[in-house]
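> The structure follows.
The values are calculated or read from the model by the stated rules, or taken from the named source; none is laboratory data. Everything numeric in this text was worked out from a predicted model, so none of it was measured. FYI the Cβ positions are ideal-geometry reconstructions off the backbone, even for glycines, and counts take in every protein chain you see. Just so you know, the surface numbers come from the protein's heavy atoms only, side chains and all, with ligands and any DNA or RNA stripped out. Shrake-Rupley method; radii C 1.70, N 1.55, O 1.52, S 1.80 Å.
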Amino acid sequence: MKNVTCLVALLGAAAGATLPAAAALQNEISLDFAVRAEAEPTLDGRLDDAAWTKAVVHDRFYDYYKANPKLSANRSELRLLYTDSALWIGLTHYDSHMEGLKVLATARDSVGWHEDSDEVYVDPFGDAIGYTKLLVNAAGVIGDMRRIDGSVSLGEWSGLAWRAKTSVSGDRWEVEIRLPYSDLQKPPVPGGALWRLCVTRFSWTT
């Protein structure tokens, strides 16, 4: 089963900020806010640091690749934080069949859709032309690539600084990603930056 959420995220803006007209027309996506963290969380795959408790919880994930998608039965939550140097992405995936968690990849850039994993597309320009794609499976193995535009994709591209950790416990598995702006084509700007993100969860337990 594949679940997906697509959203625009505002970094460095107050919750009352005005949504640009171009983004407001995109009624199939959601607007969510990344919260500034005064202190960075500990990168350990657990979203239990004080900073994460202040993050907005985005939980509108839909069944993927369906004509009339509905909210997924496999509940997931997305949280976003940012600091002066990095975007933090936190994902919580609930599952009532954790014993069936499927993990295959053991080496970087071998993560795929055929295991319990996430694909995170980050577009700091907000123009839906290019993106940086991050992949993480439930065991914390990572992969990445970059698309410049419709004709140029860099499958061999690897970020030098981003990291991810995961944890598995009880009825959930969690993903914690630290994505330094140095691994992106554009950092946030003072006063608010509109980014696009798309997160896909691949679930194989049922």
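> Can you tell me which residue is least open to solvent (accessible area, probe 1.4 Å) among those in the stretch 182-206 that are of a type in the set (Ser, Thr, Tyr) and over 18 Å from the mean Cα position of the chain (by Cα)?
The qualifying residue least open to solvent (accessible area, probe 1.4 Å) is THR205.
Residue-wise test of (1) farther than 24 Å from THR205 by Cβ; (2) out of contact with any helix residue (DSSP H, G or I) (no Cβ under 9 Å at 6 or more places or on another chain).
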| site | (1), (2) |
| --- | --- |
| TRP88 | yes, no |
| SER110 | no, yes |
| ALA128 | yes, yes |
| TYR131 | yes, yes |
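> Going by the structure shown, is THR132 within 24 Å of LEU80 (Cβ to Cβ) and not aliphatic (A, V, I, L, M)?
yes
> Mind checking whether some residue in the stretch 74-84 is among the acidic types (Asp, Glu) and touching a His at 6+ places or on another chain (Cβ under 8 Å)?
Yes; the residues of the stretch 74-84 include at least one that is among the acidic types (Asp, Glu) and touching a His at 6+ places or on another chain (Cβ under 8 Å).
> Next question, about the same structure. Look through the stretch 148-194, keep the residues that are at pLDDT 95 or above and basic (Lys, Arg), and return whichever of them is farthest from GLY130 (Cα to Cα).
Going through the qualifying residues, I end up with ARG172.
> Just the residues that are within 28 Å of GLN185 (Cα to Cα), open to solvent by less than 10 Å² (accessible area, probe 1.4 Å) and not in a strand (DSSP E or B), please, taken from the stretch 113-129.
Listed by number, the list holds a single entry, PRO124.
> Across the stretch 80-112, which residue is surrounded by the most Cβ atoms within 10 Å (Cβ to Cβ) among those that are part of a loop (DSSP other than H, G, I, E, B) and of a type in the set (A, V, I, L, M)?
This residue is VAL111.
> Turning to a different aspect of this structure: Among the residues of the stretch 130-141, count how many are under 13 Å from LEU197 (Cα atoms) and open to solvent by less than 50 Å² (accessible area, probe 1.4 Å).
Looking only at that region, the number is 4.
> Please state which of the following conditions GLN185 fails to meet, knowing it meets all the rest: (1) polar (S, T, N, Q); (2) in contact with a Pro (Cβ under 9 Å, 6 or more places away or on another chain); (3) closer than 21 Å to LEU31 by Cβ.
So GLN185 meets the others, but not (3).
> I want to confirm something. Restricting to the stretch 142-181 and keeping residues that are assigned to a loop (DSSP other than H, G, I, E, B) and of a type in the set (S, T, N, Q), which single residue is least open to solvent (accessible area, probe 1.4 Å)?
Out of the qualifying residues, it is SER158.
For (1) at pLDDT below 90; (2) under 21 Å from ARG196 (Cα atoms); (3) open to solvent by 80 Å² or more (accessible area, probe 1.4 Å), each residue gets a yes or a no:
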residue	(1), (2), (3)
PHE33	yes, yes, no
GLY45	no, no, no
ASP48	no, no, yes
THR53	no, no, yes
TYR64	yes, yes, yes
ASN74	yes, no, no
LEU78	no, yes, no
